[in-house]
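The values are calculated or read from the model by the stated rules, or taken from the named source; none is laboratory data. Since we're looking at a predicted model, the values are computed, not measured. FYI the Cβ positions are ideal-geometry reconstructions off the backbone, even for glycines, and counts take in every protein chain you see. Each accessible area value is taken on the protein alone, full model and side chains, heavy atoms only, with ligands, DNA and RNA left out. Shrake-Rupley method; radii C 1.70, N 1.55, O 1.52, S 1.80 Å.
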Amino acid sequence: MSLRPSVALLIVMAAVPVRAQTTTRVPAAGGEIVITALGHASVQVEQGGRVVIVDPVAAQADLSRAKQADLILVTDIHPDHFDPGAIAKLRKPGAPVVVPPAVAETQKIPNTTVMLNATMRTNEEALSGITVISVPAYNIQRGPSPGQLYHPRGRGQGYLLTFSDKLAAARLKQAGSVYVAGDTECVPAMATWVKDVDVALMPMNLPYTMTPAEAAACVKGFKPKVAIPYHFMGQKPEEFAEALKGQPIEVRLLNWYAKG
């Protein structure tokens, strides 16, 4: 018995992730996590009324869709990640802005919270009630010339967020968790820090980070519940989704380039 064309179309569409939407909701301990693709590397993460924005950059994103942030995170010094003007507009009064040392050294953002690679802020040091781990982000093999890397080890970092100020809740997976990888290849630190998270946002743009296939192989190692490609200008995130078919990882494709 053949399917009617309309039914067949629905089945095909359901099997292939689409990237028309800019917001998605992920069930998690503590309530839904809301991920909003602001543009390129700029992402808004919400749970329980708390708003975190990573790398707000006006030139790359539609920040009219962004909310005032309880916490802002900056991953690197490059202009597609670091926009002091955007941070000033979106930062709630007194809200922490977490930066790596290289960003702090620019002295373009007042009152920053500096985190080194592979450090944690939790319990009494948690930021806006959120446990934050700075996960190293760097190139292993790609660079502009022999002996040089686009992103040297120790300069930039991704962030693992757990929406609780209690380390025990983070360790026992009793709170929602999101990993935003930043500019990176598949570094060993991911296997150490990023295990069984609710959501992982992975970059896949060449020549600077990973191919979609490499990013897919990477997430197979730490198994997030939901994987979202971002920062993929010039690449095809559908290839990432295809490479993860049959894996216990849900891929969601968002429209990161709706601005233009």
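Over the chain, give the accessible area per residue in Å² for a 1.4 Å probe, as an integer.
For the chain, the solvent-accessible area averages 45 Å² per residue.
By the scheme Lys and Arg +1, Asp and Glu -1, what is the net charge of all other residues having a beta-carbon under 13 Å from that of L206? After counting each charged neighbour, the total is -2. Summing Lys and Arg as +1 and Asp and Glu as -1 over all other residues whose Cβ lies under 13 Å from the Cβ of D55 gives a net charge of -4. Here the stretch 58-127 has an Rg and Dmax of 12.2, 36 Å, counting Cα atoms alone. Protein heavy-atom surface of the stretch 67-208, 1.4 angstrom probe: 53% of the accessible area is carbon and sulfur, with nucleic acids and ligands not counted.
Given (i) 62, 38, 34; (ii) 52, 44, 33; (iii) 67, 47, 36 as candidate values of Cα extents along the principal axes in Å, which corresponds to the one derived from the coordinates? After the calculation, the listed value that fits is (iii).
For E242, the solvent-accessible surface with a 1.4 Å probe is about 110 Å², rounded to the nearest 10.
One equal scatterer on each Cα of the stretch 105-164, no solvent, Debye formula: the resulting log10 I(q)/I(0) at q = 0.12, 0.13, 0.16 Å⁻¹ is -0.40, -0.46, -0.63.
Counting only residues at least eight positions apart within a chain, or on another chain, the aspartates and glutamates with an alpha carbon under 16 Å from that of K166 are E124, E125.
Straight-line reach from K245: taking Cα to Cα under 21 Å and skipping same-chain neighbours fewer than 8 places apart, the lysines in range are K195, K220, K223, K225, K236. Ranked by solvent-accessible area (1.4 Å probe, protein heavy atoms only, all chains present), the residues V114, V57 order from largest to smallest as V114, V57. Using DSSP, restrict attention to beta bridges with both residues in the chain and report what percent are antiparallel, rounded to the nearest 5. Percentage antiparallel, nearest 5: 60.
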